[in-house]
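Below you'll find the structure, written out as structure tokens, and then a few comments.
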Amino acid sequence: MVKKIVPIIALLAILGGAYKFVLAKPAAAEKKPEPKVHGSVYMLEKEFLVNLADGRFAKLQVGLILAHDDVSTVAAGGGHGAAPTPPEGYGAMLQEGVVRDVITDTLTDATDKELIEKKGREHLKEEILKDIKKHTDVKVEHVIFSDLTVQ
């Protein structure tokens, strides 16, 4: 009786293996999650300390989410030597001085209420974004305030 069962078990094992490797649908490949941030984040190294329109002041760190095709942080020099070293507190962005000027101009006209309230901050970020696009060649998608203090 045992001699009759062994070939049946072997046949079932072979058929099961054939089904698994040949006939069965392959397991669905694991799908990578969609990135939440499209582009690269560039943090302006030197923080901002600005007088606000209502006599108070704000201290904040600003970052930019750059488009994938942005080349504003690529070293200058065109292959004819190293790029000049930026001033202390400045990063590798070629037009960082102009970007900082735009941000300072926008924030200096702001009130403490605009910076404290979320709706006001979002409006200021949109104004900064619009002005950076207008006055520079930097391809910015979003402006972020990573640290903020209003006094």
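Contact annotation: no residue pair with Cβ atoms under 6 Å, 6 or more positions apart or on different chains, pairs a residue in the range 131-148 that is at positive phi with a partner that is in a loop (DSSP other than H, G, I, E, B) and modelled with pLDDT of 95 or more. Entry remark, the range 91-122: residues being more than 15 Å from Leu44 (Cβ to Cβ) and touching a helix residue (DSSP H, G or I) at 6+ places or on another chain (Cβ under 7 Å) number 6 in total.
A count restricted to the range 119-135 and to residues that are in contact with a strand residue (DSSP E or B) (Cβ under 9 Å, 6 or more places away or on another chain) and either exposed (fewer than 15 other Cβ atoms within 10 Å of the Cβ) or of a type in the set (Gly, Ala, Ser) (or both) stands at 2.
Filter the range 26-70 for residues that are of a type in the set (A, V, I, L, M), part of a loop (DSSP other than H, G, I, E, B) and either over 21 Å from Leu94 (Cα atoms) or free of Cβ contacts under 8 Å to residues at least 12 places away in the same chain (or both) and give the result. Those that are of a type in the set (A, V, I, L, M), part of a loop (DSSP other than H, G, I, E, B) and either over 21 Å from Leu94 (Cα atoms) or free of Cβ contacts under 8 Å to residues at least 12 places away in the same chain (or both): Ala27, Ala28, Ala29, Val37, Leu52, Ala53. The single residue among Ile128, Ile144, Ile132 that is touching a Gly at 6+ places or on another chain (Cβ under 6 Å), at pLDDT 90 or above and not in a loop (DSSP other than H, G, I, E, B) turns out to be Ile144. So, of the residues in the range 89-118 that are without any contact (Cβ under 8 Å) to a residue 24 or more places away in the chain and assigned to a loop (DSSP other than H, G, I, E, B), which turns out to be surrounded by the most Cβ atoms within 10 Å (Cβ to Cβ)? Step by step, filter the range 89-118, then rank; the result is Leu94.
The values are calculated or read from the model by the stated rules, or taken from the named source; none is laboratory data. Note that this is a predicted model, so its numbers are computed, not measured. Cβ coordinates were reconstructed from backbone atoms using ideal geometry, including for glycine residues, and neighbour counts include every protein chain displayed.
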